[in-house]
Structures are given as C-alpha cells and as structure tokens.
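Everything on this sheet refers to the single structure shown next.
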Amino acid sequence: MYEFITGDIVEKTPTYIVLETGNIGYYINISLFTYSLLPGQNPCQLFIHQIVREDAHILFGFINREEREVFRQLISVSGVGANTARLIMSSLGPKEIEHAINEADVVTLQGIKGIGAKSAQRIIVDLKGKITTGEKTDQIFPEQSNTLRDQALSALVNLGFARKTVEKVLGQILKGDDELSVEMLIKEALKKL
C-alpha cells in the first residue's frame, strides 16, 4: 500500500493528475477539492489510497491525510463505492461532509448527484460520530501527548469505536497520566469504552 507519492505534475485535470516520479508516471484520480488546492509549482505530494481489483490497480490522491480519512470512511459505507465517494468529496469539502453527517443533514447529502434519500440516510447512520477532520481536538491536548493520543485514537477507531467517544476517553486518561505508552493508553481506554 502506498502512503504518498511526491513528484512533478505532468498533466492536471479536475478529475485526475499524472505525477512523474522515478521516471514513472502515476495516473491518480482526484476530487475537485484536491484539484483546487494543488500547488502551482513542482514537486507535488499526494496522499494515496489504492484499490486493487482483478482488472485494475486504481490510485486515488488527496491533498492531505484528513481528506483521505474522510474518503476511507465514506467507502466503508455499504453501497458507497470509490467513485461515489470521490463525487461526494468533489461536491463538498471534508469539513462540510463532517458537518452534514454529524448534523444528520440529509438534504445537503441528497443535493449531490447520485445520492438519494436512502443512501444519504445510510451514510449518516453509519458515520455519525465517527467522522471528523480532527483539527478541533489537537488543541485540547498538550503537544507532547499528541503523538500518543493520535496513535491510540487511530487504533481504537479502526477497532470500530466512535471517534468522538474515543477522543473524550483519551482526554480523561491523558489528564491523569501523560507518561503512558501507546499500548497502556489503548488498554486503559478499552476498559472505559
């Protein structure tokens, strides 16, 4: 799995970009959000999500990790494929998607081409409380514990716990003891979840 690709922009369109690195050109699908934030000069770095199928290896590129995480959350919903998720992300920015889901704003999601009432409701039910761009919580915790907190948060969210609940529990634990290892932090959080 690729984490990111850094290279020179050979071709740039609103739906894909070709990045050259190591004399190889990578065709990477992007959203309009990423397209609007791409730098005007080289080199360019995109965070990657790879989908492997029988007939293709498809790369999706994102301007930052937060956008990629929102994409990954969207494709985890039954009935939402990679192209639908990219369409959602082309219509709304990551913060707007987070707000629409957490506020159960079905009308906003239905306003996206190809998203009907049932799909919008399914996205909200599956992701409400789990999806966040993560920028609000970093200011709450002391800087030295951010790495530990981020690693524990990622692990617990991947185990299926709601992000906001995990953030609260980790905040309580870190207020009491900031000398914990990541493993101990996760174990303590699991006792409280």
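No value in this document is a laboratory result; all are computed from the given coordinates. What you are looking at is a predicted structure, and each value in this text was computed from that prediction instead of being measured. Here the Cβ is made from the backbone with ideal geometry for all residues, glycine too, and neighbour counts use every protein chain on show.
Return the Cα extents of the chain along principal axes one, two and three, sorted largest first, each rounded to a whole Å.
Over the chain, Cα extents along the principal axes are 52, 43, 33 Å.
Of the residues E69, E54, E96, which exhibits the maximal mean-square fluctuation in a Gaussian network model of the chain defined by a 10 Å Cα contact cut-off?
E54
Along the Cα-to-C-beta direction of E20, a point sits 7 Å from the Cα; which residues of the range 27-46 have their amide N less than 19 Å from that point?
27-29, 39-46
Angle between the Cα long axis of helix 163-176 and the longest principal axis of the chain, 0 to 90 degrees, nearest 10?
Long axis of 163-176 versus the principal axis of the chain: about 40 degrees.
What is the calculated FRET efficiency for K164 to L37, with r their C-beta to C-beta distance and R₀ = 35 Å, to the nearest 0.05?
The pair K164/L37 has a calculated efficiency of 0.85.
Given labels modelled 7 Å from the Cα in the Cβ direction, how far is it in nm from A56 to D105?
Here the modelled spin labels are 3.1 nm apart.
How would you classify the range 4-62 from its alpha-carbon gyration tensor, with a ≥ b ≥ c the square roots of the eigenvalues: rounded for a/c under 1.5, else prolate if a/b is greater than b/c, otherwise oblate?
Oblate shape, in that a/c is at least 1.5 and b/c is the bigger or equal ratio.
With everything on Cα atoms, drop me the angle between helix 146-158 and the longest principal axis of the chain, reported from 0 to 90° to the nearest 10.
80
Cross-link list K12/K130; K128/K192; K118/K192: which exceed 26 angstrom alpha carbon to alpha carbon?
K12/K130; K118/K192
Classify the range 66-127 as rounded, prolate or oblate, taking a ≥ b ≥ c as the square roots of the eigenvalues of its Cα gyration tensor: rounded when a/c is under 1.5, otherwise prolate if a/b is larger than b/c and oblate if not.
Cα axes put the range 66-127 in the rounded bin.
Report ³J(HN,Hα) in whole Hz for each residue of the range 69-86, in order, from the Karplus equation J = 6.51 cos²θ - 1.76 cosθ + 1.60 where θ = phi - 60°; Gly and Pro get x.
Per residue, the Karplus-derived 3J(HN,Hα) values read 5, 4, 4, 5, 5, 4, 6, 6, 7, 4, x, 10, x, 4, 5, 5, 4, 5 Hz.
Using a cut-off of 10 Å between beta-carbons, work out the net charge of the residues near T34 (Lys and Arg +1, Asp and Glu -1, T34 not included).
Overall, the nearby charge balance is +1.
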